[in-house]
Amino acid sequence: MSAAVAASGVETMTYREALRLAMREELERDPSVFLMGEEIGVFQGSYKVTAGLFDDFGPERVMDTPISEEGFVGAAVGAAMSGMRPVVEIMTLNFILVAMDQVVNHAAKVRYMFGGQVGCPLVIRTPNGAGNQLTAQHSQSFEGWFANVPGLKVVAPATPADARGLLKSAIRDDDPVLVIENLQLYTAKGEVDTGVDGAVDIGRAVVRREGADLTLVAHSYAVTRCLAVAERLAEEGISAEVVDLRSLRPLDMETVAASVAKTNRALCVEEGWASYGVTAEVAARITDGCFDDLDAPVGRVGMAEVPMPYAKTLEDATLPHEEKILAAAKEVCGV
């Protein structure tokens with residue numbers, strides 16, 4: 001890193017480190033912020049995202065919880081209704097199923113049920129995805145389920161800078177926010193400008209790569225896959241634009257529509273099952289709102305519609321890897 005870059009406050013860090021930085025900054029900024037979760041204190045978290053925070057802030061701000069997702073998410077909802085700003089870590093998105101009632105029937109509905117008199121500034125952060133032979137019960141991507149729920153915001157950062165920025169915005173938000181992380185992204189590195197606050201607006205997509213022939217729409221780790229595919233398409237003379245949704249609810253269709261108006265073709269990609277998923281929603285909205293701009297039907301790529309197998313070869317075949325995205329992109333482009 002050059003002296004000029006270093007002096008500006010830009011640092012290269014992992015996605016995991018960026019999340020930790022966001023929590024540290026918000027714990028220091030606001031005394032109402034505290035962390036809850038299984039093994040996030042002494043053990044420093046299953047994926048070490050909370051490493052060092054227990055030592056620096058103590059057990060009243062970084063709370064280890066029992067193995068009872070319904071119980072501690074419910075406690076966090078109550079704390080949020082009382083004016084605190086809890087940040088709950090669920091060890092994996094798969095375990096949030098135990099707490100669905102607290103998330104969907106309570107956190108998401110508090111403001112509505114109380115006629116706006118009571119808010120629920122709760123953050124739940126949790127990793128999703130596959131790729132580590134964790135098999136069927138630990139390799140799922142349910143963000144589409146939660147993006148379906150009015151009253152609940154859902155964000156899915158794809159870069160370290162957005163991991164820091166979206167988590168900070170989530171903590172400051174007066175409504176519940178689900179922050180979806182991805183297991184494959186924790187070690188990904190990127191530049192983060194620590195010299196600025198860095199908060200990223202929830203509900204605003206970003207163009208990660210400019211293109212003219214095809215729009216690739218994705219979120220979370222699927223953005224990484226799409227950027228790699230865009231490089232390969234460029235070698236074959238196809239210019240692909242990559243739109244990172246960043247936020248699933250609220251969903252920024254204006255950025256997507258502007259891209260489709262330019263390229264006239266779209267392929268939506270996600271790590272989860274495509275049926276009834278994020279790609280289904282985005283593809284439907286593109287078809288409804290951009291029909292006159294389209295030169296081909298909107299394409300979709302997701303995980304194979306099976307429970308995740310254990311065998312590595314079968315796991316790889318199930319995931320929406322680059323070859324699947326590349327083939328689908330060429331089909332949309334008619335080549």
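The values are calculated or read from the model by the stated rules, or taken from the named source; none is laboratory data. For clarity, every value in this text was computed on a predicted model and none was experimentally measured. Every residue, glycine as well, gets a Cβ built from its backbone with ideal geometry; the counts of neighbours run over all protein chains shown.
Looking only at residues of segment 57-91 that are assigned to a helix (DSSP H, G or I) and among the small types (Gly, Ala, Ser), we find that the one that is surrounded by the most Cβ atoms within 10 Å (Cβ to Cβ) is Ala76. Here Ala51 passes the criteria (1) buried (at least 17 other Cβ atoms within 10 Å of the Cβ); (2) in contact with a helix residue (DSSP H, G or I) (Cβ under 9 Å, 6 or more places away or on another chain); (3) not charged (D, E, K, R) except the one numbered (1).
Name the single residue that is modelled with the lowest pLDDT among those in segment 1-56 being of a type in the set (Val, Ile, Thr) and assigned to a loop (DSSP other than H, G, I, E, B). Only one residue fits best here, namely Val42. Considering every residue within segment 179-190, establish whether at least one is over 21 Å from Arg225 (Cα atoms) and hydrophobic (A, V, I, L, M, F, W, C). No, segment 179-190 contains no residue that is over 21 Å from Arg225 (Cα atoms) and hydrophobic (A, V, I, L, M, F, W, C). Confirm whether Gly198 is more than 26 Å from Ile96 (Cα to Cα), in a strand (DSSP E or B), at pLDDT 95 or above and not β-branched (Val, Ile, Thr). In short, no.
Answer yes if at least one residue in segment 9-20 is within 25 Å of Gly165 (Cβ to Cβ) and over 24 Å from the mean Cα position of the chain (by Cα), and no otherwise. Yes, some residue in segment 9-20 is within 25 Å of Gly165 (Cβ to Cβ) and over 24 Å from the mean Cα position of the chain (by Cα). Do we have Val256 as buried (at least 23 other Cβ atoms within 10 Å of the Cβ), closer than 22 Å to Ser139 by Cα and of a type in the set (A, V, I, L, M) here? No, not satisfied. When Asp173, Asp193 are screened for being touching a residue at least 60 places away in the same chain (Cβ under 8 Å) and either over 26 Å from Val332 (Cβ atoms) or among the aromatic types (Phe, Trp, Tyr) (or both), only Asp193 passes. Please specify each residue of segment 234-253 satisfying the condition of being of a type outside the set (Gly, Ala, Ser) and either over 19 Å from the mean Cα position of the chain (by Cα) or surrounded by fewer than 17 Cβ atoms within 10 Å (Cβ to Cβ) (or both). Glu235, Glu236, Ile238, Glu241, Pro250, listed by residue number. Taken together, the criteria exclude Asn94 from residues that are without any contact (Cβ under 8 Å) to a residue 24 or more places away in the chain, closer than 23 Å to Ser141 by Cα and polar (S, T, N, Q). Examine segment 28-51 for a residue that is free of Cβ contacts under 8 Å to residues at least 12 places away in the same chain and either on the phi > 0 side of the Ramachandran plot or of a type in the set (A, V, I, L, M) (or both), and state whether such a residue exists. Yes. Against the condition in contact with a Gly (Cβ under 7 Å, 6 or more places away or on another chain), touching a residue at least 24 places away in the same chain (Cβ under 8 Å) and of a type outside the set (A, V, I, L, M), how does Thr65 come out, does it pass? Judged against the criteria, Thr65 is a match. Residue pairs whose Cβ atoms lie under 6 Å apart, sitting 6 or more positions apart in sequence or on different chains, and linking a residue in segment 117-143 that is within 21 Å of Thr50 (Cβ to Cβ) to a partner that is charged (D, E, K, R), are Pro121/Arg85; Pro121/Asp174; Arg125/Glu89; Pro127/Glu181; Gly129/Glu271. The set of residues in segment 200-233 being surrounded by fewer than 20 Cβ atoms within 10 Å (Cβ to Cβ), among the hydrophobic types (A, V, I, L, M, F, W, C) and under 15 Å from the mean Cα position of the chain (by Cα) consists of Val206 alone. Screening segment 97-181 for helices (runs of 4 or more DSSP H) wholly inside it with 1 or more residues that are surrounded by 24 or more Cβ atoms within 10 Å (Cβ to Cβ) and either at pLDDT below 95 or not hydrophobic (A, V, I, L, M, F, W, C) (or both) returns the ranges 143-147, 160-172.
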